Amino acid sequence: MKYKRIVLKLSGEALMGSKNSNIDPAVLEQYTAEIKEIRDSGVQVAIVIGGGNIFRGGQAETLGIDRVQGDYMGMLATVINAMALQSALERHGLYTRLMAGIKMEQVCEPFIRRRAIRHLEKGRIVIFGAGIGNPYFTTDSTASLRAIEIQADVVLKGTRVDGVYTKDPEKYTDAVRYTSLSFQEAYEKNLNIMDMTAFTLCQENKLPIIVFDMNRKGNLMRVVKGEEAGTLIS
Ligand code: UDP
């Protein structure tokens, strides 16, 4: 395995799959299978999951809700997704811990860095819920920050496209995928990899990011092995 300790960032929106509901059980099952495969081969796995399928802070104002309040609602949304994922992982016999950036004693542990690392060393999958616990941040920033804190080798950003393209591949047929990029190139070309906060945190701390297609079977394993799948930003 090329990467021994990873932070996997999953978007909340992806959980919707083809269903009209917030969470598609088929997506949960597929993610669980992929995650189990890498965990069973000894990789230490931490996960950050978004909340976009339920609520995004950015929506708040159009609903007459205060922005900060909306951000907290978004953070709570991530906890709902994290709990769903935790349950799916446990159903497959994996050991997990949910650690949150907001105190929620009945369902999550508080995030304590040393404890998170200890869980990983013991083979437990750690899910980071409720983001950083502060408004005006995103789950991408959470993934970057937590990855740095727990000294992960890489942030794996699972999306529905198989990497970073010269332009939007869902709109342009002549878009070309990058296999690797430097942080500087990605910045200069204004490629939307993560929000600026998340991106800068990785760049300043020399933490590589891999953007890959989480919906393709076996892809997570390929990425963790260091095989070419997706785009590596380093
Ligand atoms: N959020 C926040 N602080 C954090 C993490 C998340 O305020 O540290 C809020 C923010 O409003 C965001 C929402 O939670 O819009 C859901 O997360 P995100 O949009 O990152 O989810 P994704 O797009 O990955 O599904």
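The values are calculated or read from the model by the stated rules, or taken from the named source; none is laboratory data. Note that this is a predicted model, so its numbers are computed, not measured. Note: ideal-geometry Cβ built from the backbone for every residue, glycine included; neighbour counts use all protein chains shown. The protein model used for the area step is the full one, side chains on, heavy atoms only, and it has no ligands, DNA or RNA in it. Shrake-Rupley method; radii C 1.70, N 1.55, O 1.52, S 1.80 Å.
Summarising the strand pairing of the chain, around 10 percent of its internal DSSP beta bridges are antiparallel. Projected onto its three principal axes, the C-alpha set of the stretch 162-234 covers 32, 30, 16 Å, listed from the longest axis down.
Semi-axes of the equivalent ellipsoid of the stretch 112-219 are 27, 16, 13 Å, computed as sqrt(5λ) over the eigenvalues of the C-alpha gyration tensor in descending order. Between ASP168 and ASN205, the FRET efficiency estimated from the beta carbon spacing at R0 = 45 angstrom works out to 0.95.
One equal scatterer on each Cα of the chain, no solvent, Debye formula: the resulting log10 I(q)/I(0) at q = 0.08 Å⁻¹ is -0.27.
Fully extending the segment from LYS2 to MET83, taken as 0.36 nm per residue of separation minus the present Cα-Cα distance, adds 26.3 nm.
The phi torsions of the stretch 33-41, fed into the Karplus equation with coefficients 6.51, -1.76 and 1.60 and a -60° offset, translate into couplings of 4, 5, 5, 4, 4, 6, 5, 5, 8 Hz, rounded to whole numbers, with Gly and Pro shown as x.
Amide H contacts of THR96 (H built 1.01 Å from N, in plane; Pro and chain starts excluded): ILE125 sit under 5 Å, all sequence-distant by 5 or more or on other chains. Couplings 3J(HN,Hα) for the stretch 10-18, derived from phi with the Karplus relation 6.51 cos²θ - 1.76 cosθ + 1.60 (θ = phi - 60°), are 10, 7, x, 4, 4, 5, 5, x, 9 Hz, where x marks Gly and Pro. For the stretch 77-152, the C-alpha radius of gyration sits at 1.03 times the compact-globule guess of 2.2 N^0.38 Å, with N the residue count. The 3J(HN,Hα) values that the Karplus relation (6.51, -1.76, 1.60; θ = phi - 60°) gives for the stretch 73-86 are, in residue order, 4, x, 5, 5, 4, 5, 5, 4, 5, 4, 5, 5, 5, 4 Hz. Gly and Pro appear as x. Packing-based ranking of 5-17, 213-225 yields 5-17, 213-225, ordered from highest to lowest mean Cβ neighbour count within 10 Å. Of all lysines in the structure, the ones whose alpha carbon falls short of 19 Å from that of LYS9, not counting any fewer than 8 places away in one chain, are LYS36, LYS157, LYS206, LYS217, LYS225. Available extension along the chain between ASN190 and ARG118 is 22.2 nm, counting 0.36 nm per residue and deducting the alpha carbon span.
Per residue, the solvent-accessible area of the chain (1.4 Å probe, heavy atoms of protein chains only, all protein chains present) comes to 49 Å². Diagonalising the gyration tensor over the Cα atoms of the stretch 1-103 and scaling each eigenvalue by 5 before taking the square root yields semi-axes of 27, 15, 11 Å, largest first. What is the percent carbon and sulfur in the accessible area of the chain, measuring with a 1.4 Å probe over the protein chains and ignoring ligands? Answer for the chain is 48 percent, counting heavy atoms of protein chains only.
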